[in-house]
1. Give the number of residues within region 164-184 that are crowded, with 24+ Cβ neighbours inside 10 Å and more than 19 Å from A245 (Cβ to Cβ).
2. Of the numbered conditions (1) over 28 Å from V225 (Cβ atoms); (2) in contact with a Lys or Arg (Cβ under 8 Å, 6 or more places away or on another chain); (3) assigned to a helix (DSSP H, G or I), L306 fails exactly one; give the number of that condition.
3. Looking at D318, is it within 26 Å of R270 (Cα to Cα), surrounded by 14 or more Cβ atoms within 10 Å (Cβ to Cβ) and touching a strand residue (DSSP E or B) at 6+ places or on another chain (Cβ under 6 Å)?
4. Is there any pair linking a residue in region 286-301 that is within 12 Å of A242 (Cα to Cα) and at pLDDT 95 or above to one that is of a type in the set (D, E) and surrounded by fewer than 23 Cβ atoms within 10 Å (Cβ to Cβ), with Cβ under 7 Å and at least six apart or on different chains, and which?
5. Taking R234 as the residue in question, decide whether it is within 20 Å of Y175 (Cα to Cα) and not aliphatic (A, V, I, L, M).
6. Please enumerate the residues belonging to region 3-50 that are touching a Lys or Arg at 6+ places or on another chain (Cβ under 8 Å) and modelled with pLDDT of 95 or more.
7. Being surrounded by fewer than 23 Cβ atoms within 10 Å (Cβ to Cβ) and hydrophobic (A, V, I, L, M, F, W, C) is the filter; apply it to region 137-163 and report the residue that is nearest to S251 (Cα to Cα).
Amino acid sequence: MREDEIPRAGSVLTDLGHEGVAVWLDGVGRRSLADGSLGRHAADACVTGAVLSRRELVREVRDGTAYEEQLALLRERGSGVAAAVRALHAYDVRWACDVLRPVFTATGGQDGWASAELDPRLADDAAASLAAARAVAQAVNRPNLLVKVPATAAGLQVLSDCVTEGIGVNAVHLYAVRRYGDVVEAYFDGLERAAAAGRAPGGASVASLGAARVEDAVEARLDAVPKAAAAPLRGRSAAALARAAYAVYESGLGTGRWRKLRSAKTRPQRLVWAAPPAPGPEATAVRRVEELVAWSTVHALPAGTLAAVARRGQLRGDTLSGASAEAEAVLSGLLRQGIDVGRIAEELAAADLQEAVRDHVELLDTLADRWGGRPRA
């Protein structure tokens, strides 16, 4: 079975839908749009969203294949490098939004979303990030757009402002449960400001938590812990982090504040379980999907993991609800061994953002070199 061949019916992907878990395709680029992969996944494999990838854009531009025709037109028109990059990405996001529009319509806007990138160099500049988010929303001009906003201190304000203005947001570079609580607060604040201004319910939002990447970092640190002490903690930190975050999600929905917002027909901000850049062994990637199952959540999976889950995944129902005590036991056990998951989360968020900046600069430099040294900024 090829990566893009997913069982049509009776697979665990269908079962995930029955558990209230949406599946989004991660790492979408021009090739997966042009060859129809996203469309086939949406039609055949219960895929209801797309996360477009800056890294894939870098790779495809560097390879010099998928974007040649559009790049030639942009160069003829005298486009600068940064403007060309924005144009390439906006074109792809519009395409993905259009492929997923039937899902968006059929679900009444619950699903069918496509996530777009912002320039990661703006992550700590709230005013510039908000202006960039507005520009992306205008360039794409689709109702099923989510703009990725880093969950930095500045990004929290951007998230709230976007939601107030009706721009959908995907909070990214998020690894800590405490920071996720801040993201929920920013979402509520944006909705309340929209309501106070007499606007229709604000923009949709999701929060992408990298629980799997945290677990990878924890596993590496457990190598330095005596085997007897490490054994009960191995392979448990992703689920523990997800359970702790889901408890925050459930707590927020139990407040009078949310009940008031819900009466205005707003939707909860869903948690997205983000796959790491390198998903690792197939069995581990599948296990993490099986272990992170709860109503109104999302798994964002690369094509290879999607196929692996369809082939060998086995669900056992909701694994996150009402499990905060189990989560605390694991996280406390790690702390006793000198492994502070909160600190790891902070380090990963910083490293993640740095990686995004490097990818973005590489993209600008690659295009500038190909265009004869044309300024990239």
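The values are calculated or read from the model by the stated rules, or taken from the named source; none is laboratory data. None of these values were measured; they are calculated from a predicted model. When we count neighbours, we look across all protein chains shown, and the Cβ atoms used for this are built from the backbone with ideal geometry, even at glycine.
1. Counting residues in region 164-184 that are crowded, with 24+ Cβ neighbours inside 10 Å and more than 19 Å from A245 (Cβ to Cβ) gives 2.
2. (2)
3. When the stated conditions are applied, D318 does not pass them.
4. Filtered contacts from region 286-301: V293/E19; V293/D318; A294/D318.
5. Numbers: within 20 Å of Y175 (Cα to Cα): yes; not aliphatic (A, V, I, L, M): yes.
Yes; evaluated as a whole, the condition is true for this residue.
6. Listed by number, the list holds a single entry, A22.
7. In this case the residue turns out to be L156.
Residues are listed down the side, and each one gets a yes or a no for (1) without any contact (Cβ under 8 Å) to a residue 12 or more places away in the chain; (2) aromatic (F, W, Y):
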residue	(1), (2)
R31	no, no
H41	no, no
D44	no, no
E60	no, no
Y67	no, yes
L71	no, no
R75	no, no
G78	yes, no
